[in-house]
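To start, the structure itself, in C-alpha cells.
The values are calculated or read from the model by the stated rules, or taken from the named source; none is laboratory data. It should be emphasised that the depicted structure is a prediction, and the values quoted were computed from it without experimental measurement. For neighbour counting, all protein chains shown are included, and Cβ atoms are generated from backbone atoms with ideal geometry for every residue, glycine included. Each accessible area value is taken on the protein alone, full model and side chains, heavy atoms only, with ligands, DNA and RNA left out. Shrake-Rupley method; radii C 1.70, N 1.55, O 1.52, S 1.80 Å.
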Amino acid sequence: MNAPTAQFDSDVVVIGGGLAGRAACIHLARAGMKVTCVEPRTEIGQPVGESLDWSSPELLKALGLPMEWLVSTSVATWKRHVTLKMPSGEPEHYVPVPWLARQPFNVELRTIHVDRTRLDRELMDAVVQSGVNVVYEKVAGVQSEDRRVTAIQTESGQRFLAKWFIDASGLGAAVFARHFKLRAIDSGPAKAAIWTYFTVNESIEGTTLYMEPRAGEYLNWMWEIPVQPNVVSVGYVITGAAMKARREAGESVEGIFRSQLEKFPRFASLLTEKPMGELHVRSFRARTHFGTAGPNWLVVGEAAAMVDPITSNGVTAALRHAAEGCALISKYRERGRLPLRARLCYSARVVFMAKFFNGGIEKLVYEPPVRNRIGLRHAGTVYISPAWGMNLIYARTKPKGILSTALFGLSLLFFRAATWVVYRVCKLLPTAAEAAGC
C-alpha cells in the first residue's frame, strides 16, 4: 500500500454514509463538532427499510424531517395499519388501540412508509448543509492502541485522524466488529430479499404482508409497501438455503419471484397489467454484535445489529443508535473518552433490543411450532403486542444510566423467557392433526 498522502483533522470520523451514518453526521454537526464522513463511492444497491414502525417519526423529526412534511412532499405515505393476508381466509389487520392516543398516554398512532431513495437524498442534503466533509473513499484499515482507535486509512492511502470515531459501515463491512473481533450472535438462517416496484392505480395506507404458512416449514413471506401514492414496493423474503437450492435446480431469480407472486390474486393481476421493474436482490442475516462501544468509538446501525426486516424496526434501530451514540460523544467530548459505564450501557441496549426483536419473531412467527399450534394470525398478535409496547416504553423512558438500562433489560428478558416457554411448550405438544393421527 502507498504511503499516506494526507491527514484530515476532525473531531469525529464517521465510517459509512448510509441511514445511520448520515443521521450521526447531522447530530454531531449540529452539536458544533467538525465531522468527516468516509463513504465508498460505489453504490451498494437500492436501499431497503421502507415500512417504519411507530417510533421512527420522532427520530426523523429530530433530524429536521417531520412526518407531515415527508408525506406532503411524497417522500412518504401514511402507514395506519399492518395487514396480514394468506392465500385463503380473511385478512387480519393490526392497528394500535385508539385509547393510547388519549390522556395520559398521548401516543402518536401514525407512522409512515418512505421512499428510501428520496429519504436518503434528503438526509445527504442535510449532511452537506451541516458542513460535514464527505470523502468518497473505502476504508482499508483501522489503527488502534489499547482498544482506542487512532486513525483509519483508505484504499488510496489517505489517513484520517480524529478524537472520536463512529462505525456505520453496515452489516457487510462491519469495520470495527472485524478489527476488534467483536462477538456476534445470529438469529435464524441466512435469508435473501428479492423486490421490485409497480405503478398502481391506487394504494392503501398500510403495509400488507402476504404469507403462505406450511406446517413443519420455516416461513417465507412477501410484502407490499406503498412508497409513493401510486407506487408500491413488492418483495419476497426466502431463506438462503431455499434460494440456493432453487437456483441450482435451474430457476432464475425472476422465475422464483414470479412464481411466488402468482400465488396471490393481487400480484397475479399486477403481473399481467403492469410491467415489472428492475429486480433488486439482497442477502442478509439477523445478527447482533456485543461490545459496540469503546473508549473513543461506537458502532451504529446494521454494523451494530441487523434487525430482521419483518419487524419494521430496522430504521428505528439505526436512527436510535445514531442519536444515542452522538449524545454520548457530545456529553464526553471534552474528556475525550467514554466512561466504562456509558460504554457498557450503550452496548447492552443495542443487544437487548436486537435480541428481543429477532428472537421473538424467529420463535413466534418464522419457526413452525407456535404458529402450528395457535395459528399464524394469533402468533402475529402474540409477537406484535409486546414488540410495539417495548418500543413505546423505550421511546418514552429513554434508558441511559446503569439502573434504567438494567431495569429495561430485565423487562425484555422477561418477555424473551416467556417466548421461549411458549415455544418449547408448543414444540413438545402435538398439533390437532398429529393427535388425530393425520
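Length gained on full extension, Arg147 to Arg41: 35.3 nm, using 0.36 nm per residue less the C-alpha separation. For the listed residue pairs Lys138/Lys181; Lys138/Lys274; Lys191/Lys398; Lys263/Lys355; Lys355/Lys400, the alpha carbons are over 28 angstrom apart in Lys138/Lys274; Lys191/Lys398; Lys263/Lys355. Counting only protein heavy atoms and a 1.4 Å probe, the chain has 45 square angstrom of accessible area per residue.
Rg over Rh for the chain works out to 0.97, using Cα positions for both radii and the Kirkwood form for Rh.
Using a cut-off of 14 Å between beta-carbons, work out the net charge of the residues near Cys25 (Lys and Arg +1, Asp and Glu -1, Cys25 not included).
On the way: positive: Arg22, Arg30, Lys34; negative: Asp11, Glu39, Asp120, Glu122, Asp125, Asp167.
So the environment of Cys25 carries a net charge of -3.
Could you work out the local net charge near Ser233, counting Lys and Arg as +1, Asp and Glu as -1, over the other residues with Cβ closer than 10 Å to its Cβ?
Details: positive: Arg116; negative: Glu50, Asp115, Glu224.
Within the 10 Å Cβ shell, the charges total -2.
Using a 1.4 Å probe over the heavy atoms of the protein chains, calculate the carbon and sulfur portion of the accessible area of the chain as a whole percent.
Values: 10970 of 19770 Å².
Carbon and sulfur atoms account for 55 percent of the accessible area of the chain.
Listed by chain and number, the aspartates and glutamates whose C-alpha is less than 15 Å from the C-alpha of Lys34, apart from same-chain residues fewer than 8 away, are Asp9, Asp11, Glu334.
For the stretch 187-226 versus the stretch 20-36, the spacing of their alpha-carbon centroids is 34 Å.
In percent, how large is the relative contact order of the stretch 201-356, given Cα pairs closer than 8 Å and 6 or more residues apart? All intermediate terms of the calculation are to be shown ahead of the outcome.
On the way: 149 pairs, mean separation 24.1, N = 156.
The value is 15 percent.
Charge tally around Val14: other residues with Cβ under 9 Å, Lys/Arg +1 each, Asp/Glu -1 each, net -1.
Quick check: residue separation of Arg80 and Lys263 times 0.36 nm, minus the Cα distance between them. What number comes out in nm?
Values: separation 183, 0.36 × 183 = 65.88 nm, distance 2.59 nm.
Stretched fully, the Arg80-Lys263 segment lengthens by 63.3 nm.
Take every pair of alpha-carbon atoms less than 8 Å apart whose residues are at least six positions apart; their mean separation over the length of the stretch 128-191 yields a relative contact order of 19 percent. 3J(HN,Hα) along the stretch 130-139: 7, x, 6, 7, 9, 10, 8, 9, 9, 6 Hz, from the Karplus curve 6.51 cos²θ - 1.76 cosθ + 1.60 with θ = phi - 60°, whole Hz, x for Gly and Pro. Excluding same-chain neighbours fewer than eight residues apart, the aspartates and glutamates reachable from Lys427 by a Cα-Cα span under 17 Å are Glu217, Glu362, Glu367.
Which of the helices in the chain meet the span-like rule: DSSP H, Cα axial reach of 27 Å or more, Kyte-Doolittle mean at least -1.0? Qualifying helices: 340-361, 376-397, 402-428.
Explain nothing, just the number: relative contact order of the stretch 70-206, from Cα pairs under 8 Å at least 6 residues apart, as a whole percent.
20 percent
Per residue of the chain, what 222 nm ellipticity follows from adding -39500 (n - 2.57) for every DSSP H run with n ≥ 4, rounded to the nearest 500?
Working: 14 runs with 170 residues, N = 438.
Estimated from H runs of four or more residues: -12000 deg cm²/dmol.
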